[in-house]
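What follows is a short report on a single structure.
What follows is calculated from the coordinates using simple rules that are stated; it is not laboratory data. Treat the numbers as computed from the prediction; the structure is a model and nothing was measured. Quick reminder, even Gly has a Cβ in these numbers, built from the backbone with ideal geometry, and neighbours come from all protein chains shown.
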Amino acid sequence: MTLSNSLDLLFEKTRSENRAALIGYLPAGFPTKEECIAGIQAMVNGGVDAVEIGFPYSDPVMDGPVIQAAADLALSNGTNASDVFDIVEATSKMGVPAIVMTYWNPIERYGVDKFAEELVRRGGAGVITPDLTIEESQPWENATQSSGAHRIYVVAPSTTENRLPLVTQQCSGFIYAASLMGVTGTRTAVSGNAKELVARIRQVSSTPVAVGLGVSNRDQAHEVASYADGVIVGSAFIRQLQESSSIHEGLEKVEALARSLSEGVRR
């Protein structure tokens with residue numbers, strides 16, 4: 001298989017198993033580069049189907065306090081593009097699709113074509129760009145088409161009926177449905193807007209839809225998996241590492257959470 005279509009194969013597999021894919025998130029370089037790779041391995045051991053690797057950025061408009069604190073630590077460790085790609089490569093070698101979540105500025109600074117080419121060369125499947133609009137996407141569209149990387153945009157409950165088909169037709173791999181207006185973080189309940197947004201997307205696109213923002217436990221994962229193709233969990237994994245007294249304890253908690261969430265999407 002070519003690595004760039006590993007996402008397509010994943011959603012074929014989960015559809016055949018009549019379940020949603022579980023997608024875990026960790027910022028590159030958090031808590032350290034080596035511990036980040038260990039954290040991703042713990043997620044995969046626990047049943048995560050694909051991994052989003054965050055490119056730490058100094059002005060993360062979509063990220064809540066948990067992810068911001070993790071990204072700040074990664075930046076203070078000196079995490080750079082080369083580290084991000086090293087972690088992408090390590091993740092893809094674990095046998096799961098590796099996706100980079102990054103704001104546009106780091107791609108532009110690295111070089112648009114170069115970024116897409118290096119991602120695929122390292123085994124990456126695609127890139128989520130939360131702050132890139134389709135109107136400003138032509139250079140990125142060209143780069144991803146020539147490299148074979150998936151382009152994943154974010155749609156939110158506020159996305160208008162006119163705009164929704166325009167954005168979703170530019171997505172490949174999956175469409176990232178933000179369950180609510182606001183920043184990332186764990187919540188006691190997943191926003192009711194998520195189900196409605198997924199239904200709206202389904203009317204205009206057959207591309208798989210993954211829901212992010214707010215999922216933190218098995219019951220929430222089960223709820224979202226009942227109507228979405230993918231369930232994205234980030235802050236809940238990061239908190240296991242932030243709140244543990246040692247990296248060993250944190251990795252055990254990450255694996256346990258992944259196992260619980262995995263049961264939720266399979267239930």
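Key figures for this structure:
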{"read-out": "Stretchable slack from S76 to S158, in nm (0.36 nm times residue separation minus alpha-carbon distance)", "value": "26.1 nm"}
{"read-out": "Longest exposed-site-free window of the chain, the sites being GluC sites (Glu not before Pro) in a DSSP loop that have at most 11 other C-beta atoms within 10 Å", "value": "18-160"}
{"read-out": "Contour minus Cα-Cα distance for S58 and E12 (0.36 nm per residue)", "value": "12.9 nm"}
{"read-out": "FRET efficiency, 1/(1 + (r/R0)^6) with R0 41 Å, evaluated for Q242 and N142 via beta carbons", "value": "0.55"}
{"read-out": "Difference of contour (0.36 nm per residue) and Cα-Cα distance, E249 to D131", "value": "39.0 nm"}
{"read-out": "Only Lys, Arg (+1) and Asp, Glu (-1) charged, at Cβ; the stretch 1-107 dipole about Cα centre in debye", "value": "260"}
{"read-out": "The stretch 74-109 versus the stretch 189-242: alpha-carbon centroid distance in Å", "value": "23"}
{"read-out": "Principal axis box of the chain, alpha-carbon based, largest edge first, Å", "value": "49, 41, 36"}
{"read-out": "Residue (of I87, Y57, A116) at the positive-pole extreme of the stretch 43-141, dipole from beta-carbon charges", "value": "I87"}
{"read-out": "MRE, 222 nm, helices only [DSSP H, n ≥ 4, -39500 (n - 2.57), over the chain, to nearest 500]", "value": "-14500 deg cm²/dmol"}
{"read-out": "Axial C-alpha extent at least 24 Å, average Kyte-Doolittle at least -0.5 - helices from the chain (DSSP)", "value": "247-266"}
{"read-out": "For the stretch 78-236, the Rg and Dmax computed from alpha carbons only, in angstrom", "value": "15.6, 44"}
{"read-out": "FRET efficiency estimate (nearest 0.05) - Cβ-Cβ, R121 to V204, R0 41 angstrom", "value": "0.80"}
{"read-out": "Cα centre as origin, Lys/Arg/Asp/Glu Cβ charges: the chain dipole, Debye", "value": "660"}
